[in-house]
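Below is one structure, written out as structure tokens; comments come after it.
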Amino acid sequence: MNLLRFELPARFHDYGLLVLRLAFGFSLMYGHGWGKMMRLFGPDEIKFADPFGFGPAFTLSFAVFAEVICAILVMAGLFTRAALIPPFITVATAFFTVHFSQEFGQQEKVILFSFAFLALFFTGPGKISLDAYLKKDN
């Protein structure tokens, strides 16, 4: 068997998109958003980076929305393309305001998130998603 000619059935494309959505969505939510959500709803005063001048509370709220709510939507495949925009904004902002001057090892996570979100934006969520299920009913 020639491994260069090895092809999986077309349905595996959708399994790959599901794995990508679940892996990056969960990693963003649990690894980044959950702690921010605890900080937002915790008793302490909100101290958070404010690169655009909207105030720390608004910026933290947006980050929680992007990294928790939107991550859940991406994992479910619901409103996927729209739900990818806020997380992309947060990771791009993190790259340019925090990680830009750091070594590649420190930049790697936000670069991976950025490209994964772009790839999902271009491909869509696939057939194993709530978007596909809802589209089928119409």
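Table for the structure above
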item: Filter pass, L120 being in contact with a helix residue (DSSP H, G or I) (Cβ under 8 Å, 6 or more places away or on another chain), buried (at least 18 other Cβ atoms within 10 Å of the Cβ) and more than 29 Å from G16 (Cα to Cα); result: no
item: Answer from F48, F58 - the residue that is at pLDDT below 95, more than 16 Å from the chain's Cα centre (by Cα) and surrounded by 14 or more Cβ atoms within 10 Å (Cβ to Cβ); result: F48
item: Some residue of the range 9-19 being within 19 Å of the chain's Cα centre (by Cα), within 20 Å of F95 (Cα to Cα) and either modelled with pLDDT of 90 or more or not acidic (D, E) (or both); result: no
item: Criterion (among the β-branched types (V, I, T) and touching a Leu at 6+ places or on another chain (Cβ under 7 Å)) met by exactly one of T97, T123; result: T123
item: In the range 29-45, the residues that are over 21 Å from I85 (Cβ atoms) and either surrounded by fewer than 11 Cβ atoms within 10 Å (Cβ to Cβ) or aliphatic (A, V, I, L, M) (or both); result: M38, F41, G42, P43, D44, E45
item: Condition met for F26 (surrounded by 13 or more Cβ atoms within 10 Å (Cβ to Cβ) and free of Cβ contacts under 8 Å to residues at least 12 places away in the same chain); result: no
item: Cβ-Cβ under 8 Å pairs, at least 6 apart or on other chains, the range 92-119 side among the hydrophobic types (A, V, I, L, M, F, W, C), far side assigned to a loop (DSSP other than H, G, I, E, B); result: V98/A49
item: Helices (runs of 4 or more DSSP H) wholly inside the range 32-86 containing at least 2 residues that are in contact (Cβ under 8 Å) with a residue 40 or more places away in the chain; result: 70-76
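The values are calculated or read from the model by the stated rules, or taken from the named source; none is laboratory data. These numbers were taken from a predicted model, which means no experiment stands behind them. Virtual Cβ from ideal backbone geometry, glycine too; neighbours counted across all protein chains shown.
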